[in-house]
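We did not get these values from a lab; they are worked out from the coordinates using the rules stated. Here the structure is a predicted model, which means the values were calculated and not measured. Backbone-built Cβ (ideal geometry, glycine too); neighbour counts: all protein chains shown.
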Amino acid sequence: MNYFKKKSILAITLSLWALVWIFPVTVPGKEGFKQVVFIRYNLKNQTGHKSSDIVTSFKKTMEGRGYVEGEDIEYIDIVTHSSEHDSAAEIIKAMEQYKESADMFITTSWTSLYVRSKLARRGTPQLFVPALRSNALNMLPTLSQEPGTNLSGIYLMYQPEEILRLTRQILPGIKKYAYVYDSRIQADIMFQSAYRQLNDHERYGMTVYYFDLAAGTDTVLQEMNMMGIGAFGGVIGLFTNLSDLSRSKLPIITALVSDRSEEKLIKEIKDTNILAGLYNPFSYCASQAAEMTADIFEGKNTIEKTVPLPARQYTFINLAAANRLGINIPFSVPEGFDIVIK
């Protein structure tokens, strides 16, 4: 092969490589490389780490749909420094940073409200994964129809009314229930608002009291003792201060807003005063959101036509806690619960 033939072959080869770089190979049915941005608040005070069932489950489901991280899709995981009000600026900053490049925003709980306020007039899809049903209805007019806008997601079905119903079922003689919250934590405030909206029928004959942990756990314990509280619950503030609050020796019946697996959760609450409540696995929420996302990316659906879905809800009862607290649970009661901790 003479010099000129070799040079021609080399030129053709280089040209082909150039075409590969200019026109990257994409998976059929997809629009090319995608970017998904997670914006979630920090739960490290509860879990001791920043790992997330939401992120892990979402990625796993997306991979099952053919989106391989680093090849078809990129994930940006923004975690705020705390769960309190002062994290809002970080949420807005992250949204502004990625609003031009993101193909999908995945937002958790109250962070969804801040992102929504900036994305409402843009076309970038946003999924709340998950949000309280009441909060979702603050962003959308209905959860049972196509949203007609660039927002959808997975909402948590448990309402304060359901928690109080469980409380009445387990403690039939109870008169006073307390919602313990931290006024510095957005999720706690939102749940408090939902409690305050309950009518008489939805309180099942109980008076609901409200105690702010911002005043200190000792103050809250003293106030609950003075008022003769029979049981209490909460959200983030409750779990952050669970050890101190357990000194009350009162049963805790609550919603578990927790980004951890069922196995880990059972292990963590078995030796606490948490007697019963409602639990929604975040891994299920994330998997459903990933299916929604893949359908949108592949043109099978649009965000405007993606109807929000309810989370999978479980009821649980902790018989180990009942024994420690000296609470008699009728034999038939545990049969109505999805998870029984012994």
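Observations on the model:
- Compared with the alpha-carbon gap, the fully stretched path from Asp86 to Glu74 is longer by 1.5 nm at 0.36 nm per residue.
- The modelled label-to-label distance between Ala320 and Val340, using points 7 Å beyond Cα along the C-beta direction, is 1.6 nm.
- Taking other residues whose beta carbon is less than 10 angstrom from the beta carbon of Glu74, and scoring Lys, Arg as +1 and Asp, Glu as -1, yields -3.
- Projected label distance in nm at Asn328 and Lys267, using a 7 Å step from Cα toward the beta-carbon: 3.6 nm
- Helix 160-170 axis, angle to the chain major axis (alpha carbon atoms, nearest 10°): 50 degrees
- Debye log10 I(q)/I(0) for region 139-217, one point scatterer per Cα, at q = 0.17, 0.22, 0.23, 0.25 Å⁻¹: -0.80, -1.05, -1.09, -1.17
- Debye log10 I(q)/I(0) for region 296-342, one point scatterer per Cα, at q = 0.13, 0.27 Å⁻¹: -0.50, -0.99
- Selected from Tyr181, Phe282, Met227, residue furthest toward positive end of dipole (region 130-282; charges at beta carbon): Met227
- Between the helical axis of 53-64 and the longest alpha-carbon principal axis of the chain there is an angle of about 40 degrees.
- Within the listed set Tyr177, Tyr209, Tyr279, the residue fluctuating most in the Gaussian network model of the chain (springs between alpha-carbon atoms under 10 angstrom) is Tyr209.
- Of the trypsin sites (Lys or Arg not before Pro) found in region 130-232, those in coil by DSSP whose Cβ has at most 14 other Cβ atoms within 10 Å are Lys175.
- Across region 108-241, the convex hull enclosing all Cα atoms gives 111 Å³ per residue.
- Working note: Debye formula, equal point scatterers on the alpha-carbon atoms of the chain, no solvent; log10 I(q)/I(0) at q = 0.10, 0.14 Å⁻¹ is -0.64, -1.11.
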